[in-house]
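Engineer: Before I ask anything, here is the structure I am working with.
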Amino acid sequence: MLPVSKSQSLGPSRAKWSNPWAFILATTGSAVGLGNIWKFPYIAGEHGGGAFILVYLICILLLGLPVMLAEMLIGRRGKSSPVGSLSVVAREAGSSPLWKGVGVLAVTTGFLILTFYIVVSGWAFSYITIAASGTFTGATAQQIDDLYQVLLSDPIRLASWSAVVIFLTMFIVNRGIEKGIEKASYILMPGLFVILLILVCYAMTTGHFGEGLRFMFYPDFQKLSVDSVLMALGQAFFSLSLGSAATMVYGSYMPQHLSIGKTALWVAGMDTLVALLAGLAIFPLVMAYGLHADSGPGLIFVTLPLAFGQMPFGTFIGTLFFIMLTFATLTSTIALLEPSISWLTERLRISRFQACAVAGLVVWVLSLGTVFSFNIWADKTVFGKTFFELLDYITSAWMLPLGSLLVALFCGWVMARAVSASELNLSQRAYVLWRASIRYVAPVAILMIFLNAIGLNPF
Ligand code: PHE
């Protein structure tokens, strides 16, 4: 076993977060996104509310948190791009350099997710302008639905909004860790929290807050199927951005004295808090106007605008809501781009500017596939899925969990115990729990997601 000291660093020296909050906010920014505000409420709505949320919380604690620690651990130990870090840490463990393939997989996954994420983020940007112009006021369900359909059917409009999103992302990432990602997180994350709190307070005034609370927290276990459990698991990984190298690359900029365990707890806690608060902001409004909370992906872009159109101060509240959504998505697109940029600059020895320009352009061109799948390619499907659905499915249901599985196996079985113990520096009991999760619980749980996905019910 290698003798390790806590201050030992293996990779080259690199940029660092200027203080613990910068890292916590940026990583929370990566985690908080469409997953929390768009996906979580409607999935919870469809799967019976409270019972689903309970399972989700267990998944976050038992599986998500340990894998998040593992990603930060690899990043900080390797102090390189995700690919570089895995190869450095594998070498240290005397293992095969092929482990860097896990880094390649994770970076590729993040890159592919980015190609559709900017499109949906673009909807949020476009909805700011729609909401602010007062278009929702008094509109009928049909008119609101038309707004959504008209947006989706217009490739030029969609591609232009995606271009805005990727351009903003490139601009911020190009400015580097301290001046770019950190600064953006300092503005966007507190902004998001303030808006979210305003929205929750507003929801309290609707007279339906209790109903929303009950819907979210009353555990109806009858509605909980095997499918919902695995859904909760997948959602926990997506929401914490695990398997995409985002946490790994952010971890690589983490100063040695920061506690990985404590920061990961903060991030997972805040991510979960935002998901729950988003539900508490959304459900009472939806219920106050007799709308359905289980209306699927349209919950945010159709059901909610309908409620905005009928409520007092709806234009203001609706505009704030979509501003909040763009803040949430922007910090995620930044985190999805950074792994590729760190790899490109390290591998090809090009500048950040060149890497951002090339990667951003490729992302935007690839995003056209998603754009077209809502209009001119809408009827072109493979296995009944459009290009967008297929990409979302392959990345979220397969690539992210696979990346997380390999990261867990790597930290649990390949990395020397002394290395992970000294780098994590947890209490004895926490370390034993972490190691048990990473070696056994997380891999088995992820394998069950896969079995279920190929139609072999694991129970
Ligand atoms: N966690 C983000 C969300 O909830 C999505 C994401 C996945 C961001 C992977 C970065 C990396 O929307």
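The values are calculated or read from the model by the stated rules, or taken from the named source; none is laboratory data. Source: prediction; values computed, not measured. When we count neighbours, we look across all protein chains shown, and the Cβ atoms used for this are built from the backbone with ideal geometry, even at glycine. Remember, those area values only see protein heavy atoms, side chains included, never the ligands or the DNA or RNA. Shrake-Rupley method; radii C 1.70, N 1.55, O 1.52, S 1.80 Å.
Engineer: So which residues in region 212-237 are at pLDDT 90 or above and either of a type in the set (Val, Ile, Thr) or open to solvent by 30 Å² or more (accessible area, probe 1.4 Å) (or both), if there are any at all?
Structural biologist: Listed by number, the list is empty, since nothing qualifies.
Engineer: Could you grab me the full set of residues in region 301-332 that are β-branched (Val, Ile, Thr) and over 17 Å from the mean Cα position of the chain (by Cα)? So that I can check it myself, show each step before the final result.
Structural biologist: Just the residues of region 301-332 that are β-branched (Val, Ile, Thr), to begin with: 302-303, 315, 317, 319, 323, 326, 329, 331.
Listed by number, the residues that qualify are VAL302, THR303, THR315, ILE317, THR319, ILE323.
Engineer: What helices (runs of 4 or more DSSP H) completely inside region 228-311 contain at least 2 residues that are polar (S, T, N, Q)?
Structural biologist: Those helices (runs of 4 or more DSSP H) span 260-288.
Engineer: For region 223-253, give me each residue that is within 14 Å of the ligand (Cβ to nearest atom) and of a type in the set (Ser, Thr, Tyr).
Structural biologist: SER239, SER241, SER244, THR247, TYR250
Engineer: Then there is this: When you scan region 43-57, do you find a residue that is part of a helix (DSSP H, G or I), under 14 Å from the mean Cα position of the chain (by Cα) and within 15 Å of the ligand (Cβ to nearest atom), even just one?
Structural biologist: no
Engineer: I've got another one for you. Could you give me the residue pairs with C-beta distances under 9 Å whose first residue belongs to region 315-333 and is free of Cβ contacts under 8 Å to residues at least 60 places away in the same chain and over 15 Å from VAL274 (Cβ atoms), whose second residue is open to solvent by 20 Å² or more (accessible area, probe 1.4 Å) and away from the ligand (no atom under 11 Å from the Cβ) wherever it lies, and which are 6+ apart or on separate chains?
Structural biologist: What qualifies is PHE316/ALA132.
Engineer: List the number of the failed condition for GLU71; all other conditions in (1) open to solvent by 20 Å² or more (accessible area, probe 1.4 Å); (2) at pLDDT 95 or above; (3) of a type in the set (Asp, Glu) hold.
Structural biologist: (1) is the only condition that GLU71 fails.
Here's the yes/no breakdown for (1) open to solvent by 10 Å² or more (accessible area, probe 1.4 Å); (2) closer than 14 Å to SER244 by Cα; (3) more than 15 Å from the ligand (Cβ to nearest atom); (4) assigned to a helix (DSSP H, G or I):
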| residue | (1), (2), (3), (4) |
| --- | --- |
| TRP38 | yes, no, no, yes |
| PRO41 | no, no, no, yes |
| ARG77 | no, no, yes, yes |
| VAL88 | yes, no, yes, yes |
| GLY94 | yes, no, yes, no |
| THR108 | yes, yes, no, yes |
| ILE130 | yes, no, yes, yes |
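Engineer: I've got another one for you. Tell me the residue from ILE198, ILE181 that is surrounded by fewer than 17 Cβ atoms within 10 Å (Cβ to Cβ), closer than 18 Å to VAL32 by Cβ and either among the charged types (D, E, K, R) or touching a residue at least 12 places away in the same chain (Cβ under 8 Å) (or both), please. Steps first, please.
Structural biologist: Values: ILE181 fails: surrounded by fewer than 17 Cβ atoms within 10 Å (Cβ to Cβ).
Of the residues listed, the single one that is surrounded by fewer than 17 Cβ atoms within 10 Å (Cβ to Cβ), closer than 18 Å to VAL32 by Cβ and either among the charged types (D, E, K, R) or touching a residue at least 12 places away in the same chain (Cβ under 8 Å) (or both) is ILE198.
Engineer: Given the residues MET248, MET270, MET287, which is the only one that is surrounded by fewer than 23 Cβ atoms within 10 Å (Cβ to Cβ) and under 15 Å from the mean Cα position of the chain (by Cα)?
Structural biologist: Values: MET248 fails: surrounded by fewer than 23 Cβ atoms within 10 Å (Cβ to Cβ); MET287 fails: under 15 Å from the mean Cα position of the chain (by Cα).
The unique qualifying residue is MET270.
Engineer: Using beta carbons and a limit of 8 Å, which pairs, at least six apart or on different chains, have the first residue in region 343-357 and surrounded by 15 or more Cβ atoms within 10 Å (Cβ to Cβ) and the second one not in a helix (DSSP H, G or I)?
Structural biologist: These pairs meet every condition: TRP343/SER81; LEU344/ILE350; THR345/SER81; THR345/SER351; GLU346/SER80; GLU346/SER81; ARG352/GLY176.
Engineer: Still on this structure, I have one more. Within region 407-438, work out how many residues are open to solvent by 50 Å² or more (accessible area, probe 1.4 Å) and part of a helix (DSSP H, G or I).
Structural biologist: 7
Engineer: Being assigned to a helix (DSSP H, G or I) and within 14 Å of the ligand (Cβ to nearest atom) is the filter here; which residues of region 23-36 pass it? Before you say what the answer is, go through the steps one by one.
Structural biologist: Residues of region 23-36 that are assigned to a helix (DSSP H, G or I), as a first pass: 23-31, 34-36.
The answer is ALA26, THR27, THR28, GLY29, SER30, ALA31, LEU34, GLY35, ASN36.
Engineer: If I ask for residues that are more than 16 Å from the ligand (Cβ to nearest atom) and of a type in the set (Ser, Thr, Tyr), which ones from region 285-339 would you list?
Structural biologist: TYR289, SER295, THR303, THR315, THR319 - these are the residues of region 285-339 that are more than 16 Å from the ligand (Cβ to nearest atom) and of a type in the set (Ser, Thr, Tyr).
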